[in-house]
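Here is the structure we will look at, set down as structure tokens.
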Amino acid sequence: MIRTRLLPLIAVACFSVPAAALAQQQAFTSKGVNLRAGPARDYPLVAQLRPGTPVTVAGCINGYSWCDVSLPDGNRGWVYAQNLNYPYQGNQVPLITYGSAIGLPIIAFTIGTYWGQNYRGRPWYGQQSHWAHRPIRPRPPIAVRPPPRPKPPGVFPQRPHRPGVGNGNRPPMGGARPPGNGVRPPGAGGRPTQGSNRPGQNRPQPR
């Protein structure tokens with residue numbers, strides 16, 4: 001009789017475990033990040049995480065800018081979603097842009113309940129009044145730009161050709177002297193050469 005009553009309870013427990021597991025997602029830190037006691041950078045520091053640290057994501061605030069995560073050692077806190085990568089369709093994608101596509105739940109942050117469950121005994125636990133009425137300002141999501149198209153191998157852009165310029169030589173200047181090793185041609189406006197007759201020297205000589 002007792003076994004008959006326990007069978008439905010065991011069945012409910014077996015089906016409820018996968019549902020609870022699906023409510024949380026496994027992610028990894030993309031670099032060294034800080035685990036904060038709230039969804040902002042000026043909340044108290046809980047722990048420092050190394051790159052590649054596995055974390056379990058319980059959910060994110062509206063806009064997917066900060067996510068509530070748990071560590072394998074039992075610590076819990078908030079991490080900026082840009083620094084969290086999630087394996088999605090064969091790639092590691094940031095949660096700040098793919099949180100909605102992954103299906104992460106949107107959760108709210110209540111400092112009294114959250115700190116009471118996770119931070120009793122911390123030196124800043126008694127300072128809740130300083131943080132209680134602090135407004136949460138989620139950052140706008142970062143736009144993902146498509147990667148640039150790869151250039152064909154061995155093809156380089158060529159500079160436009162300028163007319164009259166080639167091989168780095170300057171174009172010939174107007175009015176330049178013709179080549180001739182600096183020797184002027186005879187009769188080109190210079191003095192007459194020796195032996196030439198000057199005016200008045202071609203008079204007939206008396207016999």
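Name the residues in the stretch 36-45 that are among the hydrophobic types (A, V, I, L, M, F, W, C) and surrounded by fewer than 21 Cβ atoms within 10 Å (Cβ to Cβ), would you?
ALA40, LEU45
Can you tell me how many residues within the stretch 57-85 are open to solvent by 40 Å² or more (accessible area, probe 1.4 Å) and over 24 Å from TRP124 (Cβ atoms)?
The number of residues fulfilling the criteria is 2.
Quick check on my filter: what residues within the stretch 96-110 are of a type in the set (S, T, N, Q) and surrounded by 12 or more Cβ atoms within 10 Å (Cβ to Cβ)?
THR97, SER100
In this structure, does PRO94 turn out to be of a type outside the set (S, T, N, Q) and in contact (Cβ under 8 Å) with a residue 60 or more places away in the chain?
yes
Within the stretch 111-120, work out how many residues are open to solvent by 80 Å² or more (accessible area, probe 1.4 Å) and not in a helix (DSSP H, G or I).
Within the stretch 111-120, residues that are open to solvent by 80 Å² or more (accessible area, probe 1.4 Å) and not in a helix (DSSP H, G or I) number 1.
The values are calculated or read from the model by the stated rules, or taken from the named source; none is laboratory data. Just so it is clear, the structure is predicted and the values come from calculations on it, not from any experiment. For neighbour counting, all protein chains shown are included, and Cβ atoms are generated from backbone atoms with ideal geometry for every residue, glycine included. Accessible surface is based on the protein model in full, side chains and every heavy atom, while ligands, DNA and RNA are left aside. Shrake-Rupley method; radii C 1.70, N 1.55, O 1.52, S 1.80 Å.
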